[in-house]
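Novice: The structure is given below, and queries will be raised subsequently.
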Amino acid sequence: MELSPLIKKIGHSLVEIRVRALKSILSKLDHSLITVTDIVQEKMLFVYLLEWFNFPEVPMKEEVLGLLLTLAKVHNAVSQMLRDVGAVDFLSQLSPTIEPRLRAVIDGTLDQLFQLPELVPSHSAVYSHGPCSATTTGVTMRESVRCLKFSVFPWLTLTNTDRHILSSNESSLGSSNPNMVRTTCELLCDVILQDFPAEIFLQRPGIVKNLLLLLRVGSGKGEVSYLHSSALSCLRQLCVALKKRLRFHQDPGFYSAKHDPVSQNSSFSYTQEVRGNQRSQASSPVAECSPRPSVVGRTGQRARGDGQDGDAISNSGSSQGGGARAPTPQQTPRSPADTAHLELPDLSVEDILELQLQQLSVAQFTVATMQHTIPLLKTGGSLHAFHRVLELLCDALLLLGDSVCELVWDDRSLVGMELKEKLQACMEQLGDVLFFHQNYSAEAPHSSQVSHRMAYLGTAMFTIRLLQTILPPEKASENLPENAATAIFHVCLDSSLGSLLPSMQETAVAYLEQVDSDSHSLYRRMNRAAFWMESTCNFVKEGEKNWLDLLELADHAIDGLPFHQHLPIVKECVHMCSYLWKFDQPSPLLQTESQKLFLKLLSHPSPPVKTETYECTLNLVKDCLGIQNLSRQEAAACAGVNFLLHHRVLYEMSVFGLQDSAQTVFGSMFVFYV
């Protein structure tokens, strides 16, 4: 940001201009638009601040002295500059003539000037001016803004013509005639947003604010009206254009240390020769063939909106844009375009300093867009309307990631705290939207249920993306709203979403673990139960399969018995263990794993499961050793009880089998077996 013109005004002879310039610098420091390091190299600033007390009328003494003390504290070069311009003698002579409560501030400044360079603190700070007390220096040191990756674009001046175009479109957007509003939105998309640099609409945010207000207009039924659709299109196009402009300013290939509108502020700049030709040939064939559309009242080529076109000389309404020149008798006759151009109303001189204080940063625009757009996700019928809203939010999220970093949750500056509060509001809105789409009526038509489900999945994915972009999991417990945390818990429980987007659900689980340990524990238990149920179903339907896989499924099925209580599983497991032990040369691995499974059933904490295990085992022993097998000479008929002869199984049955509710069954089996 170019500060030299503003600093020069601090030494102006008119007190009003001096005060306004000083307030502007203090305000920029307070709102972190500039930092102390931005102004420490402006030597004339220190001269003007000292000469402030040489004028007949001296307002804001406290603020001037406080700023001097702040600058002296934060940078070694400042102390040296102040000494070079004679600040020691000046302040020493000023101190006896000033109010006693301000002498402490002067004394603090002189102390800083007399310190050795290595003793001067080197950290940066943002100045905060406020009332001083006699016991303090009257200056508070506050952290600078740390959460912004990109704040505001370099300032662009506008011609009177361009200001008129923006003003008329802003007025049309506020019209009570819906058709005029829709037509204006179409004009913005087709012409204005393509014709002006995107940052113009943040530096003069009237159009953006009206577009955001259009998103609040509706029937109250959650349906996105055609006005909503028009505003969404404009805002999405602006987000895309801002993304491109952001890339332009971040491209090292376009960097220039020269801070003028031609070299850095605009990518639409012309050469001096081309601009000269435009001024002298306003209605030339070249202008008529230009692809840039004309505007109302002009038949020639439209000015570009960055203060660099031909009409910038004759119609600039800004005192910063090169000034206006009166026509001379030698001027060529005016063309019809020039005549129409001069008929535009004079919008008076712009107050650039005031406009700069009112501009929106990229982060402010992004968060405001999200706040106004998220409620429109509650559409209950039209998936097309929902997609339009979600597309804008996704584009805004990309801008948010480019302009705000994760430090926003610890940033104590005014900008940081404001962004934090609004981001939390957005998360709370998303929690409400997720609850709305999750709790639709079961009696709703099938098409409505599908719309709600699709909207829920889309909103859930956007919510997770937002958290990934701006909120580290370790910060979630302190900053995630309660309803958003509940919504995240339900996302974790959504099995279909987990199968469709497993990584997304894993991210949700990571946030849930930080936010609510009880809910996370409940989720883990429910997830295990669902897994056991799935394993039980697979075990029942698989049949012939790899034995190790079947044993693993059986093990999970046994774990899930308290939930599904499908006791026939027990019989299947007992018969499988018996089968794997009856071979002459059985697999040791299969024997070991099946024995673990059988012992798990024998020692199951659930009495019905344990009883069923003993009953199935007794029936198996009867089948293998019953009198019906006397006529059979095959040893294989009795091999089915081999799995019961292992010492671990016998120990479990003899020691613990007679001490529980299954003792009657076990006793009968044991007597029969012996």
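The values are calculated or read from the model by the stated rules, or taken from the named source; none is laboratory data. All figures in this text were calculated on a predicted structure; none of them were measured in a lab. So basically every Cβ, Gly included, is an ideal-geometry build from the backbone, and we count neighbours across all protein chains shown. Ligands, DNA and RNA are stripped out before the accessible areas are found, and what is left, the full protein with its side chains, is counted by its heavy atoms. Shrake-Rupley method; radii C 1.70, N 1.55, O 1.52, S 1.80 Å.
Novice: Find, to one decimal place in angstroms, the Kirkwood hydrodynamic radius of the range 3-114, where the mean of 1/r is taken over every pair of different Cα atoms and then inverted.
Specialist: Details: mean 1/r = 0.0710 Å⁻¹.
14.1 Å is the Kirkwood radius here.
Novice: Ordering L357, L457, L551 by accessible area with a probe of 1.4 Å, largest first, what comes out? Mind dumping the intermediate values first?
Specialist: Details: L357 80, L457 30, L551 10 Å².
Output order, biggest surface exposure first: L357, L457, L551.
Novice: Have a look at L50, L91, A21 and report the one farthest towards the positive end of the charge dipole of the range 3-114, computed about the Cα centre with Cβ charges (Lys/Arg +1, Asp/Glu -1).
Specialist: A21
Novice: With the crude spin-label approximation of a point 7 Å out along Cα→Cβ, what separation in nm comes out for H446 versus S603?
Specialist: For the pair H446/S603, the computed spacing is 5.2 nm.
Novice: Still on this structure: With every protein chain present, what accessible area does W547 have (1.4 Å probe, heavy atoms only), rounded to the nearest 10 Å²?
Specialist: 80 Å²
Novice: How large is the translational diffusion coefficient of the range 469-618 in µm² per second when you combine the Kirkwood radius over alpha carbon pairs with Stokes-Einstein at 4 °C and 1.567 mPa s? Could the numbers behind the result be given before it?
Specialist: On the way: Rh = 17.8 Å.
Translational D for this selection: 73 µm²/s.
Novice: Just list whichever of K244/K475; K28/K149; K8/K243; K73/K475; K28/K61 have alpha carbons separated by over 23 Å in the model shown.
Specialist: Values: K244/K475 31 Å; K28/K149 17 Å; K8/K243 34 Å; K73/K475 33 Å; K28/K61 19 Å.
Violating the 23 Å limit, Cα to Cα: K244/K475; K8/K243; K73/K475.
Novice: I would also like to ask the following. Mind putting a number on the dipole of the range 3-114 about its Cα centre? Charges go on the C-beta only, +1 for Lys and Arg and -1 for Asp and Glu, and I need it in Debye to the nearest 20.
Specialist: Magnitude of the dipole: close to 220 debye.
Novice: Leaving out ligands and nucleic acids, and using a 1.4 Å probe, what accessible area per residue does the range 3-114 come to in Å²?
Specialist: On the way: 4710 Å² over 112 residues.
For the range 3-114, the solvent-accessible area averages 42 Å² per residue.
Novice: Further question on the same structure: Taking N as the number of residues in the range 526-578, what value does Rg over Cα atoms divided by 2.2 N^0.38 Å take? Provide the component values of the computation, followed by the final result.
Specialist: Working: Rg = 10.2 Å, N = 53, 2.2 N^0.38 = 9.9 Å.
My calculation over the Cα atoms of the range 526-578 gives 1.03.
Novice: Still on this model: Between the range 438-504 and the range 154-171, what is the C-alpha centre distance in whole Å?
Specialist: 42 Å
Novice: Which value results when the Cα radius of gyration for the range 354-487 is divided by 2.2 N^0.38 Å?
Specialist: Values: Rg = 15.9 Å, N = 134, 2.2 N^0.38 = 14.1 Å.
Computed over Cα atoms of the range 354-487, the ratio equals 1.12.
Novice: Further question: What FRET efficiency, computed as 1/(1 + (r/R0)^6) with R0 = 22 Å and r the Cβ-Cβ distance, is obtained for V88 and K43, rounded to the nearest 0.05? Intermediate results must be reported in sequence, preceding the final value.
Specialist: Values: r = 16 Å, r/R0 = 0.73.
Taking R0 as 22 Å, the efficiency between V88 and K43 is 0.85.
Novice: For the range 3-114, give the percent of accessible area contributed by carbon and sulfur heavy atoms, probe 1.4 Å, rounded to a whole number. Walk me through the numbers on the way to the answer.
Specialist: Working: 2480 of 4710 Å².
With neighbouring chains kept in place, the figure for the range 3-114 is 53 percent.
Novice: Based on the mean of other Cβ atoms within 10 Å per residue, sort peptides 410-422, 582-594 so the most packed one is first. Don't skip to the answer; put the middle values down first.
Specialist: Details: 410-422: 17.9, 582-594: 13.9.
By packing density, highest mean first, the sequence is 410-422, 582-594.
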